[in-house]
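Everything on this sheet refers to the single structure shown next.
The values are calculated or read from the model by the stated rules, or taken from the named source; none is laboratory data. Just so it is clear, the model here is predicted, and its values are computed rather than measured. Positions of Cβ are backbone-derived with ideal geometry, glycine not excepted, and every protein chain shown enters the neighbour counts. Heads up: the accessible areas ignore ligands, DNA and RNA and are worked out on the full protein's heavy atoms, side chains in. Shrake-Rupley method; radii C 1.70, N 1.55, O 1.52, S 1.80 Å.
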Amino acid sequence: VEFFGLDAGRHHLVNLAIHLANSLLVFFFLRMASGKEGASFAVAALFAVHPMHVESVAWISERKGLLAAFFWLLGLIAYARYQRSPNWVGYLGVTAALVAALFSKPVAVTFPIVLLALDIWPFSRLPTDRLWRWRDPELRAAARGLILEKVPWLLLVAGFALLTIVVQARGSHSAYIDQDPLLLRSLAAIPAYGDYLIRTFWPTSLIPDYPEPTVISLWKAFGLSLAGLGLTVLAVRFAGRFPWILSGWLWFLIVLLPTLGVVDLGRVYTADRYMYLPIIGVFVIICWGGQAFYEAASRRGQLLIAACGLAVVLGFGCMSRSQVAVWSDS
């Protein structure tokens, strides 16, 4: 406002510039960490144009989410450099990025836990072929060292999480605290994961304010829990061959968790803006799987895979342009 007053157009341009920067950072981080340029570009392209991101960019006050993602991604790049050459300067760089992300939006509290998922892949700091052997001494020793490395970051995010809960409880959301039992909020969070995945693959009928379900099906929650647990077990079991599946799946589950209402800080059931960072994990699974098929395919098959990928990106881009119209007025 100091620069542009109340000129909404310029504020929109600032948001768009930050989103474009975030898209580039996604590409740079994945390419640096994995060495796969094609799959990294595909993830960044999908991230740049997905219709669920319209809310984060078009809603000016959601700039806090864009800024948190910007510093989050800078932190990942700093961590990629740090784990290649561990030193206190690199550690402070990661810490500074984390602090900036937390001051932008407290949703960044999952950052240290996501780093543990990235230690599985692409950094390969854990023996992926033995992740399912919980009693393996080498696995335990490696995991213990990685957790100890992140203790200062875990303490930092714990402090921010506690501060957020206290401030929200004393502020405008205090009327909602403890309105619903913890068990009920937890059961409602399980179908929310499914709703987010559906919108990721089929982003139609996106709206700014999704209605909260009036009835929670115990069978649906139980079935989705079993399905999610089964997928996680399979991802762990086959992490030696397909480590990106486990890393991407954990990214999606962990980053989305604080926004699901288990800690009741408001009456938002789901919102497109909450998928801004978690969606990267889903795209990693898709694009690295596509890369594997691409490398094993014939020349004609490679052209077909590339054409399908381009069609998806263009389709999402057209849907995003239409979605902007939802945000044309109050």
Subject >> Listed residue (88, 54, 6) projecting farthest to the positive dipole end of the chain, Cβ model >> reply: 88
Original post:
Among all stretches of the chain without exposed trypsin sites (Lys or Arg not before Pro) (DSSP loop, at most 11 other Cβ atoms within 10 Å), which one is longest?
Top reply: 1-134
Subject >> Percent carbon-and-sulfur accessible area, the chain, ignoring ligands, DNA and RNA, probe 1.4 Å >> reply: 70
Original post:
Which of 21, 296, 235 moves the most in a Gaussian network model of the chain with Cα springs under 10 Å?
Top reply: 296
Subject >> Accessible area per residue in Å² at 1.4 Å probe, computed on the range 84-134 >> reply: 46
Original post:
Among 129, 119, 209, which one moves the most in a GNM of the chain with springs linking Cα atoms closer than 10 Å?
Top reply: 209
Subject >> Value at 222 nm in deg cm²/dmol, rounded to 500, when DSSP H runs of n ≥ 4 in the chain each add -39,500 (n - 2.57) >> reply: -23000 deg cm²/dmol
Original post:
Tell me, what HN-Hα J-couplings in whole Hz come from the Karplus equation 6.51 cos²θ - 1.76 cosθ + 1.60 at θ = phi - 60° for each residue of the range 241-253, using x for Gly and Pro?
Top reply: 9, 10, x, 5, 5, 5, 5, x, 5, 5, 3, 4, 5
Original post:
residue 270's amide H: which non-local residues (gap 5+, or another chain) put their own amide H closer than 5 Å, with H modeled 1.01 Å from N in plane and none for Pro or chain starts?
Top reply: 210
**OP:** Springs between alpha-carbon atoms under 10 Å, Gaussian network over the chain: tell me which of 145, 290, 194 tops the mean-square fluctuations.
**Re:** 145
Original post:
Across the range 268-285, in residue order, what do the Karplus-derived ³J(HN,Hα) couplings come to in whole Hz, using 6.51 cos²θ - 1.76 cosθ + 1.60 with θ = phi - 60° and x for Gly and Pro?
Top reply: 8, 6, 9, 8, 4, 4, 6, 9, 4, 8, x, 5, 4, x, 5, 5, 4, 4
**OP:** Would you work out if the range 260-330 is rounded, prolate or oblate? Take a ≥ b ≥ c from the square roots of the eigenvalues of the alpha-carbon gyration tensor; rounded if a/c is under 1.5, else prolate when a/b is larger than b/c, oblate otherwise.
**Re:** oblate
**OP:** Determine ³J(HN,Hα), in whole Hz, for all residues of the range 62-70 in sequence, where each value follows from phi through the Karplus function 6.51 cos²θ - 1.76 cosθ + 1.60 and θ = phi - 60°; x replaces Gly and Pro.
**Re:** 7, 4, 4, x, 5, 5, 4, 5, 4
